[in-house]
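Novice: Here's a structure for you.
Please treat every number below as a calculation from the coordinates, not as lab data. Note that the structure is a prediction, hence the values are computed from the model and not measured. Here the Cβ positions follow ideal geometry from the backbone for every residue, glycine too, while neighbour counts run over all protein chains shown.
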Amino acid sequence: MCVWGGPVEAAPAPIPVVASTNVYGDVVGRIGGGRVSVTSIISDPAQDPHSYEASTRTRLELSRAEVVVQNGGGYDDFVGEMLRSSDNSSPHVIDAVQTSGKAPDGDGEFNEHVWYDLPTMDRLADRIAQALGTASPADADVFTKNAEEFKDGLAGLEARTDRIEARHAGTPVAVTEPVPLYLTDACGLVNRTPAAFSEAVEEGDEVSPRVLQETLTLFTGRNVQALVHNEQTSGPQTEKVKEAAEDNAIPVVPVTETLPQGKDYPGWMADNITALDRALER
């Protein structure tokens, strides 16, 4: 004898989301859980995000996305360019730089690497939960709960940076690029790198011999206590700086712009904070 139940209700389709990098893709996945399908445009730690060229697959995913998360601030302009050329006129676009509320300094300079700023990521979590809740109102409470859990983890990370600041405020450090400066600032550290060096490296320009020598002197003169080195866009000049640090027994703290293989955002930031803390304690 066969017993037939009532009609089986199909599970709702996941919300299609596109993130410019796997940093934001991971955050969306943590907040959206099984209710989202996330495509991260840049996910290879060996790839320079500044030199990305759009693929056909990326354009297709963007044309279907209900939510798009980009960094903004000139970092990932390819997202806006692709959206303008697509037939998708309705995605909810979240811009991390706009969410941060940060603005250029008095010289017009702006550090767009806001995913290294924990307060920005706290605000971004709320924006993502709100956007996903609009796309799927029945799951809004779940998204809000997941965002709160994510933010609790960020609070723990901020407590760790506060402890570093209490011990090392004012400690001079150097960087190869502005990438980690929000994190070093949160730890109370002072960046002594010549602006002309880090800006040239970030833009892919040549560093003048004078500026390079000025930067190398930071290490030969032991004027800094650590070098925070962006592994993702290294070149001959940054390698010289790294070698100078190593030759003078100054700790090198490696960082990247995208998530390393097998890492999530909270774990990655925790590792960065741990590495920085250990370098300062040497």
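Novice: For a Förster distance of 25 Å, can you work out the FRET efficiency between the beta-carbons of R282 and D205, rounded to the nearest 0.05?
Specialist: On the way: r = 32 Å, r/R0 = 1.30.
The value I calculate is 0.15.
Novice: Full-extension gain between A196 and A155, please, as 0.36 nm times their residue separation minus the C-alpha to C-alpha distance. The partial results should precede the final answer.
Specialist: Details: separation 41, 0.36 × 41 = 14.76 nm, distance 3.40 nm.
Net length gain for the segment: 11.4 nm.
Novice: While we're here: Given R₀ = 30 Å, what would the calculated FRET efficiency be for T274 paired with T217, taking r from the Cβ atoms and rounding to 0.05?
Specialist: Values: r = 29 Å, r/R0 = 0.97.
Using R0 = 30 Å, I get an efficiency of 0.55.
Novice: Pick the calculated P(r) over Cα pairs in 5 Å bins from 0, in percent for this structure from (i) 1, 5, 10, 12, 13, 13, 12, 11, 9, 6, 4, 2, 1, 0, 0, 0; (ii) 1, 5, 12, 15, 16, 15, 12, 8, 6, 4, 2, 1, 1, 1, 0, 0, 0, 0; (iii) 1, 5, 9, 12, 13, 12, 10, 8, 6, 6, 5, 4, 3, 3, 2, 1, 1, 0, 0, 0?
Specialist: (ii)
Novice: Distance in nm between label sites at E165 and R57, each 7 Å beyond Cα in the beta-carbon direction?
Specialist: 4.2
Novice: Sequence neighbours fewer than 8 away in the same chain don't count; with that in mind, list the lysines whose C-alpha is under 30 Å from K151.
Specialist: Result set, ordered by chain and number: K102, K263.
Novice: Would you kindly state how much longer the chain becomes between R64 and A103 on full extension, computed as 0.36 nm times their sequence separation minus their alpha carbon distance, in nm to one decimal?
Specialist: Working: separation 39, 0.36 × 39 = 14.04 nm, distance 3.16 nm.
Extra length available between R64 and A103 comes to 10.9 nm.
Novice: Of all beta bridges DSSP finds with both residues in region 167-281, what is the antiparallel percent, to the nearest 5? It would help to have the intermediate numbers written out before the result.
Specialist: Working: 0 of 8 bridges.
Here the share of antiparallel DSSP bridges comes out near 0 percent.
Novice: Follow-up. Mind checking the alpha-carbon convex hull of region 167-281 and giving the volume per residue in Å³?
Specialist: Dividing the Cα hull volume of region 167-281 by its residue count gives 99 Å³.
Novice: Right, here's the next one. What is the log10 of I(q)/I(0) for region 15-156, computed with the Debye formula using one identical point scatterer on each Cα and no solvent, at q = 0.11, 0.17, 0.20 Å⁻¹?
Specialist: So the normalised log intensities are -0.39, -0.93, -1.24.
Novice: Please compute the Cα-Cα pair-distance distribution of region 184-231 with 10 Å bins starting at 0, giving whole percents from short to long.
Specialist: 23, 55, 21, 1
Novice: Which of the DSSP-defined H helices in the chain satisfy a minimum axial length of 27 Å, computed from C-alpha atoms, and a minimum mean Kyte-Doolittle hydropathy of -0.5? Before the final figure, lay out each step's value.
Specialist: Numbers: long enough: 140-168 (41 Å, -0.82).
None clear 27 Å together with a mean of -0.5.
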